[in-house]
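Here is the structure we will look at, set down as structure tokens.
The values are calculated or read from the model by the stated rules, or taken from the named source; none is laboratory data. This one's a predicted model, so the numbers in the text were calculated from it and none came from an experiment. Ideal geometry is used to build each Cβ from the backbone, glycine not excepted, and the neighbour counts take in all protein chains shown.
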Amino acid sequence: MSRQLLQPQEIEQYLEGVEERAAHHASNVMGVIKTLAAALFTKYPKDVIAFTRNGNLCNVAWVKGKQTKQWYKFTYNHSNESIDLMQGKNVIDSFTNHTPLINIINRISAI
């Protein structure tokens with residue numbers, strides 16, 4: 001299942017859950033989570049959809065690109081310890097705490 005994130009409370013709840021889960025095993029992305037979220041929710045304020053399992057928000061989010069009109073998925077990659085941006089089954093970018101802000105802004109703007 002999935003849920004569109006529209007209300008500030010839902011967005012905050014989602015981000016808190018992602019950060020809480022990342023704190024246990026994904027310290028390499030803790031610093032980039034809110035940066036990615038800010039870029040996404042600024043550009044796509046009504047287009048972010050979060051995956052749910054048993055009614056609970058999970059770490060996977062989708063957004064439909066304004067430029068490309070295609071769906072993109074953000075998911076945590078345990079092997080690379082990064083947040084991957086995927087189009088279909090293809091990883092088109094990866095983000096960590098070391099990703100420059102301009103790279104994040106340019107990538108989000110391009111989709």
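Here's a check for you: in region 36-70, which residue that is polar (S, T, N, Q) and surrounded by fewer than 17 Cβ atoms within 10 Å (Cβ to Cβ) is farthest from Thr99 (Cα to Cα)? Among them, the one singled out is Asn54. Of all residues in region 18-35, those that are touching a residue at least 40 places away in the same chain (Cβ under 8 Å) have Cβ atoms under 6 Å from Cβ atoms of residues that are among the acidic types (Asp, Glu) and surrounded by 13 or more Cβ atoms within 10 Å (Cβ to Cβ), 6 or more apart or on another chain, in Asn28/Glu81; Ile33/Glu19. Scanning region 53-94 for residues that are within 16 Å of Gly31 (Cα to Cα) and under 10 Å from the mean Cα position of the chain (by Cα) yields a count of 6.
The set of residues in region 76-111 being surrounded by fewer than 19 Cβ atoms within 10 Å (Cβ to Cβ), closer than 16 Å to Phe41 by Cα and either in contact with a strand residue (DSSP E or B) (Cβ under 6 Å, 6 or more places away or on another chain) or at pLDDT 95 or above (or both) consists of Arg107 alone.
Under the condition of being among the aliphatic types (A, V, I, L, M), surrounded by 11 or more Cβ atoms within 10 Å (Cβ to Cβ) and in a helix (DSSP H, G or I), the residues counted in region 9-32 number 5. Scanning region 12-40 for residues that are farther than 14 Å from Leu85 by Cβ and touching an Asp or Glu at 6+ places or on another chain (Cβ under 9 Å) gives His25, Ala26, Ser27, Asn28, Met30, Lys34.
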